[in-house]
Amino acid sequence: MVTSELIIPNPPHAIVRVYKKKIKNGNASLYLDYNIRGIRHQECMKLYLMNEMDLKWKFKKEARLHNISVLTKAMELRMVKEKEILNQNITIEENGKNKKLHLYIENFMEESRQCRKGNSYVKTMMNVKAHLAKFLGEKFYTITLEEVTPQFCRRFIEYFRKATKTNGKLLSPTSASHYIKFFRSLLDNAVMDDMIIYNPFSKLKKHEFIKRDEYNRATLTENELKKFLKTPCSNNNVKQAFLFSCYTGLRLSDVIALKWGNLKIDLSDSYMEIVMRKTGKPLSMKLSRKAVQQLPNEAGSKESFVFSLPSRTNMSRIIHLWTKKAHIQKNVTYHTSRHTFGTMLASRGVNIQTIQKLMGHRCITSTSFYVEVTDKAKNDAIDLL
């Protein structure tokens, strides 16, 4: 057991606390423990308590006096650090009082445009801003960051439980959860900018948040993909583009922007190099023979688009009719082609990191879905026995 019999006299609600940690020689080193903007700090004070328990009785008095002196010095340093943090918090509170929420959102989006490639992040934040304006009404332009309290966050979450899209339909739990997550990240940024002391969402309990829907992603089996290959489509360009994505995993936005200059077609090996529209990250991959077969017969100039596609609405209608014609009982969208690509890779034993690279996922949790789907298929196959 460590060291000194002395109890460290930390006040019950102290912002900064002193604690001891045993070191090799049996004594104890003293540390300051405090939290700034959600980050825990442990600072060594270079003060040491002597281990009274192992000393002979004639040395115990000297050790006790030493330890009392060290603890007195430690508590003085604790008070200095606490005062420093409180003064810093007062400055941060003043910053939050003076900064309007809507102006901070505008600045945040401008920074995002400059430092993030792709525009999906900014678009989502614009939707969050629109919902905030709807939630607050006229107060949207007067509310400050200081007024965004835990209770404000709770009311904003309750608003999302009944929020609607622009077409009047109820917002899905997945979208609501996504928007709340983005607003929470905005407040994390405000903490780092010394606008608020802490993120008010950190005071909410897990059950208070909106849970995402169980996402049922449609994927095509090998047999269903063969049916699509054999079934005629009313627009051959849509068919070719969809099947090309089944063998490359490209998003629709990337297929629309794909130019002949992005492709290097060769009898031995063919390659594709693009910058993904959603993430702004480069993607370079070898094209399989089946992927090359889906390209139009005549190649255009380097600056011409590979696929001539109708509007997204018309594409959805064409794919829906094509699915019915192929007698496939699934809700197939263009994005189904991307899920099919990921599932086919996983079913062939490709490791999750390689799938992540080929699909251009920023986070491996997005890729883990395809491994889970494959595991389920394996389990179902065993159950049949």
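The values are calculated or read from the model by the stated rules, or taken from the named source; none is laboratory data. Everything quoted here is computed from the prediction, not taken from an experiment. Ligands, DNA and RNA are stripped out before the accessible areas are found, and what is left, the full protein with its side chains, is counted by its heavy atoms. Shrake-Rupley method; radii C 1.70, N 1.55, O 1.52, S 1.80 Å.
Could you tell me which of rounded, prolate or oblate describes region 152-235, using a ≥ b ≥ c as the square roots of the eigenvalues of the alpha-carbon gyration tensor, with rounded for a/c under 1.5 and, failing that, prolate when a/b is larger than b/c and oblate otherwise? Since a/c reaches 1.5 and a/b is larger than b/c, the shape of region 152-235 is classed as prolate. For the chain, the Kirkwood estimate of hydrodynamic radius, built from reciprocal distances between every pair of different alpha carbons, is 26.3 Å. For region 151-292, the relative contact order works out to 15 percent when only alpha carbon pairs closer than 8 Å and six or more residues apart are counted. Counting only residues at least eight positions apart within a chain, or on another chain, the lysines with an alpha carbon under 28 Å from that of K325 are K226, K227, K230, K239, K290.
Could you tell me whether region 66-200 comes out rounded, prolate or oblate from its Cα gyration tensor? Rule is a ≥ b ≥ c as square roots of the eigenvalues, rounded for a/c under 1.5, then prolate if a/b exceeds b/c, otherwise oblate. Mind dumping the intermediate values first?
On the way: a/c = 2.57, a/b = 2.35, b/c = 1.10.
Prolate, since a/c reaches 1.5 and a/b exceeds b/c.
Solvent-accessible surface of the chain, taken per residue with a 1.4 Å probe and all protein chains present: 61 Å². A full extension of the chain between K165 and L321 corresponds to an added length of 53.5 nm, given 0.36 nm per residue minus the alpha carbon distance. Considering only alpha-carbon pairs that sit under 8 angstrom and 6 or more positions apart, the relative contact order computed for the chain is 12 percent. For the chain, carbon and sulfur atoms together expose 53% of the accessible surface, with a 1.4 angstrom probe and every protein chain in place. For the options E62, E224, E208, a Gaussian network treatment of the chain with springs between C-alpha atoms closer than 10 Å singles out E62 as fluctuating the most. Result for the chain in a Gaussian network model with C-alpha springs under 10 Å: among L243, L358, L47, the largest mean-square fluctuation is at L47. Would you mind telling me which residue in H13, H102, H327 has the biggest mean-square fluctuation in a Gaussian network model of the chain, where springs connect alpha carbons within a distance under 10 angstrom? In the Gaussian network model the winner is H13.
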